[in-house]
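These notes concern the structure reproduced below.
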Amino acid sequence: MKVPYEQIAAYLSGKALPWEKAEVDEWLAESAEHRSLFRSLEKEWSFLKEGTPLSLPDKEQVWTKIRGMIDFPVTTALYSKQILIKYISLTACIALLFGVALSLLFNSGRGESTQFTAYAPLGEKAQLTLPDSSRVWLNSGSTLTYFTQSRQRRVHLQGEAFFEVTKDPRKVFIVQSGDVSVQVHGTSFNVSAYDTDPDIAVSLESGSVSLFNNKNGVVLAQLQPNQMGRVSKADLSCSIVADDTGITKLWTNNILKVYDNNIYEVVKKLERWYGVDITLENANPDSRYTFVVKTESMKELLGLLNKMTPITYKIEGKEVTIHLR
């Protein structure tokens, strides 16, 4: 079943007809991936309502502007050794989403503002170029909303992304995730801020970034290259540790590195990576795992995991059951 964007828009606005609500409920019941996407869209909806009111511009003007400003994202699906590359046209997304103001928005009205949203489904990744020529890699299950106004470029991120930001002294670049903002000064860095993770992690490759508390504007940390700032979502306490960003951003090269993680952390990463739902049985939270996933399929990976810890498993489509013996 295709994503019912128009029905979701009506649902979130509180104006859905009974049949529209029923269609959304049916779509949500189909898979965890659909529910994850809905949560992301729900957050976008709330986020967009807090910003400058948007008006939908003329379709032809938007089409022309997008073709001139945005590269096609490249999404890589990692289900087998045969890496599948899919080119997804943003203009095609616009054709689907006109009038929805939800998953891809452009506002060319007063103040020369621009806004859109990109989403990388579970099991896939996306690469795109922003209108300011900055480049972004989106990890699985991540949503990025970008908008720019006269003196500011702002990104709202749920999930994980690696940024190569084009320097522009006239417009500051800010990445917002929850109660934390990262102010950027022409730099490259990684931000990991999945809803299910307790911390927001910012890893700096080059340049400099400042981490802020969104609630009161207090500076939480200023990072130098090869440092990682970890901010607790619970109390916004921040710690800075040494980090090899080359390893942290391995996922942008289709490599998943698991390092000293317990089985629950491993499962969470594998669910995002392969786009599956995993049920654990007889898990031992004290065991730690370190390994690298390159082009292995889910079945091949479970075979490798079995060599580290004896397991039995069952794969039924996107439903995976792992029993630790």
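Quick note: the coordinates plus some simple rules give every number you see, no bench work behind them. The shown structure was predicted, so the numbers you read here are calculated from the model rather than taken from an experiment. Heads up, the Cβs are rebuilt from the backbone with ideal geometry, glycines too, and the neighbour counts pull from every protein chain shown.
Summing +1 for each Lys or Arg and -1 for each Asp or Glu, what net charge is found among the other residues whose Cβ lies under 10 Å from the Cβ of Glu6?
Details: positive: none; negative: Glu20, Glu23.
Summing Lys and Arg as +1 and Asp and Glu as -1 gives -2.
Say a paramagnetic label sat at a point 7 Å from the Cα of Lys294, along Cα to Cβ; which residues of region 240-264 have their backbone N under 18 Å from it?
Only 247-259 pass the distance filter.
With labels modelled as points extended 7 Å from the Cα through the Cβ direction, what inter-label distance (nm, one decimal) is found for Glu26 paired with Thr196?
2.8 nm
Loop only by DSSP, 16 or fewer other Cβ within 10 Å of the Cβ. Give me the trypsin sites (Lys or Arg not before Pro) in region 169-261 that pass, ordered by residue number. Intermediate values should be presented prior to the final figure.
Details: sites: Arg170, Lys171, Lys215, Arg230, Lys233, Lys249, Lys257; in loops: Arg170, Lys171, Lys215, Lys233, Lys249.
Passing both the DSSP loop test and the Cβ count: Arg170, Lys171, Lys215, Lys233.
Can you figure out the FRET efficiency of Tyr259 with Glu319, using R₀ = 30 Å and their beta-carbon distance, to the nearest 0.05?
Numbers: r = 27 Å, r/R0 = 0.90.
The computed FRET efficiency comes out at 0.65.
Just name one of Ser287, Ile322, Met298: the one whose Cα is farthest towards the positive end of the charge dipole of region 255-324 (beta-carbon charges, Lys/Arg +1, Asp/Glu -1).
The listed residue farthest towards the positive side: Met298.
Taking N as the number of residues in region 255-324, what value does Rg over Cα atoms divided by 2.2 N^0.38 Å take?
The reported ratio for this selection is 0.99.
For an R0 of 35 angstrom, estimate the FRET efficiency from the Cβ-Cβ distance between Asp286 and Leu17 and round to the nearest 0.05. Mind dumping the intermediate values first?
Values: r = 52 Å, r/R0 = 1.48.
About 0.10, to the nearest 0.05.
Would you mind checking which residues have amide H under 5 Å from His185's amide H? H placed 1.01 Å from N; only 5 or more apart, or other chain.
For His185, the qualifying residues are Ser208.
Under a point-charge model restricted to the Cβ atoms of Lys and Arg (+1) and Asp and Glu (-1), what is the dipole moment magnitude of region 255-324 relative to its Cα centre, in debye to the nearest 20? Spell out each step's value before the answer.
Numbers: 10 positive and 10 negative charges, 49 e Å.
The calculated dipole for region 255-324 is roughly 240 debye.
Between Asp168 and Lys307, what is 0.36 nm times their sequence separation minus the Cα-Cα distance? Round to one decimal in nm. The partial results should precede the final answer.
Working: separation 139, 0.36 × 139 = 50.04 nm, distance 5.06 nm.
Additional length available on full extension: 45.0 nm.
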